[in-house]
Structures are given as C-alpha cells and as structure tokens.
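Comments concern the structure below.
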Amino acid sequence: MFFVFLFALFFSADLLAYESDQYRNRTQYVADSLEVMDLEVNDALRRIIKQKRQPGSRHAFSRAIWKEVGGWYWADKIERWAARSPTGDKYDQTRHKSIYRSMPIWATRVNFIFGVGRSFRLNDEMVGSDKFGHFFSQGFKYYKRELRGESRERLLAKGAFAERWIFGQLTTGVYSNADLVANYEGWRFYQSLFQDDVIPGKKSILKRTEGRYVLQRPFTWADHINAYWDEALNPSFNVKSLNWRLRQSILKLCSEVKEAPEFYLVPDDGELWARYADIGLKDNRSNQFVAICGLN
C-alpha cells in the first residue's frame with residue numbers, strides 16, 4: 001500500500017482529487033453546465049478537423065481527441081479545466097469539505113490525502129469532475145481494445161479489473177460503479193464518432209467526405225449522462241471500514257432527504273441497472289438514500 005501511495009503522489013502533483021462527493025449539498029442551486037461542457041468538446045473536435053494533416057484512421061482520430069481533452073495525466077485535461085474554469089457553476093464542496101471528512105486514512109486511503117473533486121450539474125444530474133476523465137481516457141482504452149478485436153466481455157472485464165486495482169478499490173477503498181458507467185459511455189462516444197445509431201436514432205458525429213472527416217452533428221453530454229453517473233444514486237462498493245462510516249454519515253442527512261426527497265431518488269433505477277447489467281457493477285444499492293433513510 002505504501003508504494004501505491006507513492007505512485008499516486010508522483011502522478012498526482014497537479015491532481016485535484018480522486019473521487020467526488022454527491023451526498024452533500026444536493027439541494028443547492030447550481031446552474032447546469034451542459035452548454036459549456038458541450039462547447040468544450042465540440043471545440044476540441046473542430047480543432048482536430050481543421051488540422052492540415054488530419055488523422056486518417058478511426059484509431060488515429062480517436063487518439064487525437066483523447067490527447068486534446070485527456071492526455072497522460074492522472075487527472076485529464078478536461079477534468080482540470082472544468083474544476084478551475086470560471087464559466088461552469090460548481091457545488092460548494094471542496095477538497096476537504098466532504099462526506100469523507102474526519103474519516104481515518106485506513107478507511108479513505110488516498111482520498112485522505114487528496115480530498116474530493118468538484119461536482120457539477122450536467123444534463124440535470126450531479127456529476128463529479130473525475131467522471132470526465134473516465135469518459136475520455138478509460139473510454140478510449142475500451143475503444144482501442146475493440147479496434148484490436150477484443151470481445152465485449154473481455155474489454156469490460158478489463159475495465160472492472162482496473163476499478164478493483166489502481167483506479168479504484170485498492171487506492172481509494174472504493175469500487176466505483178459510477179466510474180464504470182462513465183467508462184462505458186465514453187466507449188460509446190468513441191463508437192458514435194464513426195457509427196450511426198450508437199446513440200439510437202442519431203447519425204455518427206463525423207462523416208468522411210473527400211478523404212477528410214467533417215462534423216456531421218455536434219456532440220452533447222446529454223446523450224450519455226444519466227443518474228448512474230452520480231456516486232450517491234449509484235453507490236460504490238466500499239471496503240468495510242469505509243462503508244460503515246459512510247452509512248453513518250448518510251444517516252445524518254436523512255432529515256434533509258425527507259424534506260426534499262426528489263433530490264435523492266432514482267425514478268428509473270431498475271431500467272438503469274438493467275442497462276448496465278454486464279459492465280461490472282457491484283450491487284450496493286443498500287447505500288442509496290431510499291434504503292438508508294426509509295423513503296417510499
């Protein structure tokens with residue numbers, strides 16, 4: 001574990017956080033960042049399209065997008081941009097003011113050192129900045145594996161393995177179901193660049209014209225983000241020392257939950273669980289507000 005911490009410290013010099021906190025401040029008014037975040041991605045796509053020597057293959061174009069908004073960082077470029085940009089509204093919680101505050105290092109692990117990242121309202125969902133990195137970087141890994149000919153089952157299993165180890169449970173004590181959903185939706189994004197109907201009823205984002213890619217339709221996060229990107233509504237599977245403390249902290253929020261239950265429920269929980277049934281989720285819905293606070 002000591003060497004894992006050293007590894008994380010080395011790669012995290014410019015990191016704002018490992019995980020996020022969607023348990024607190026849920027009723028706070030925060031402007032939706034969908035328009036701002038859509039623009040950031042579409043601008044990146046346009047920059048690549050305008051290059052004199054445009055990437056020619058699907059792999060090369062996808063890699064160019066990954067380098068533009070992701071890159072070789074523990075926290076992707078778009079994560080850091082979103083967390084620091086004055087154009088996007090953010091929830092009040094900051095690095096060390098979260099539901100994990102005052103929990104011991106053996107329970108929260110790397111989060112004890114780095115705290116949590118900022119959360120945004122995006123497509124009317126509460127989403128942590130770390131999910132943007134999962135979407136672009138882990139999604140790109142899934143897509144590369146697909147292009148190499150790996151089966152869906154094998155590449156999804158590798159994603160779940162990564163969440164058990166360096167990107168999740170080993171370092172943070174958290175096996176994040178929401179991370180896996182963001183990974184999977186990132187994979188669908190890369191597919192949707194070149195394939196029709198990845199997003200049902202929509203053409204591919206790009207099309208090939210006279211040897212070059214052109215933008216056929218704009219990207220929108222709304223095609224991918226839903227309640228299962230929210231760590232509180234799609235609870236992570238935690239190590240025991242963390243899970244017990246987290247449940248106690250959630251119990252303290254129950255009076256707030258019962259005052260405004262609409263902020264704490266997942267109306268389409270069953271449909272979403274079925275949609276992502278094969279991507280590696282570990283069922284910890286006993287940590288949902290509805291279960292802990294006794295909502296009907």
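The values are calculated or read from the model by the stated rules, or taken from the named source; none is laboratory data. Note that the coordinates shown come from a computational prediction; the quantities given were computed from them, not determined experimentally. Reconstructed Cβ throughout: ideal geometry from the backbone, glycine too, with neighbour counts over all protein chains shown.
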Would you mind finding the one in 213, 228 that is aromatic (Phe, Trp, Tyr) and within 15 Å of residue 276 (Cβ to Cβ)?
228
Take residue 210 and decide whether it is over 17 Å from the mean Cα position of the chain (by Cα) and free of Cβ contacts under 8 Å to residues at least 12 places away in the same chain.
yes
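Based on what the data block shows, is residue 217 outside any helix (DSSP H, G or I) and out of contact with any strand residue (DSSP E or B) (no Cβ under 6 Å at 6 or more places or on another chain)?
In short, yes.
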Any chance segment 236-247 includes a residue that's within 30 Å of residue 68 (Cβ to Cβ) and surrounded by 16 or more Cβ atoms within 10 Å (Cβ to Cβ)?
yes
All positions within segment 161-178 that are at pLDDT below 90 and either hydroxyl-bearing (Ser, Thr, Tyr) or in a helix (DSSP H, G or I) (or both)
161, 162, 163, 164, 169, 170, 171, 172, 175, 176
Does at least one position in segment 190-203 carry a residue that is crowded, with 23+ Cβ neighbours inside 10 Å, touching a residue at least 60 places away in the same chain (Cβ under 8 Å) and not β-branched (Val, Ile, Thr)?
yes
Tabulated pairs, segment 254-265, first under 14 Å from residue 294 (Cβ atoms) and in contact (Cβ under 8 Å) with a residue 60 or more places away in the chain, second in a helix (DSSP H, G or I) and not acidic (Asp, Glu), C-beta under 7 angstrom, 6+ apart or interchain:
264/257; 264/289
Exactly one of these conditions fails for residue 207: (1) part of a helix (DSSP H, G or I); (2) farther than 20 Å from residue 135 by Cα; (3) at pLDDT 95 or above. Give me its number.
(1)
When segment 135-160 is examined, which residues are found to be within 23 Å of residue 221 (Cβ to Cβ), out of contact with any Asp or Glu (no Cβ under 7 Å at 6 or more places or on another chain) and either of a type in the set (A, V, I, L, M, F, W, C) or outside any helix (DSSP H, G or I) (or both)?
140
Is it fair to say residue 185 is under 30 Å from residue 28 (Cβ atoms), charged (D, E, K, R), touching a helix residue (DSSP H, G or I) at 6+ places or on another chain (Cβ under 9 Å) and modelled with pLDDT under 95?
no
Looking at the structure I just gave you, is residue 236 among the hydroxyl-bearing types (Ser, Thr, Tyr), under 18 Å from residue 130 (Cα atoms) and at pLDDT below 95?
yes
Residues of segment 38-67 being of a type in the set (Ser, Thr, Tyr) and more than 22 Å from the chain's Cα centre (by Cα), in sequence order, are 57
Among the residues of segment 268-296, count how many are among the β-branched types (Val, Ile, Thr) and under 23 Å from residue 24 (Cβ atoms).
2
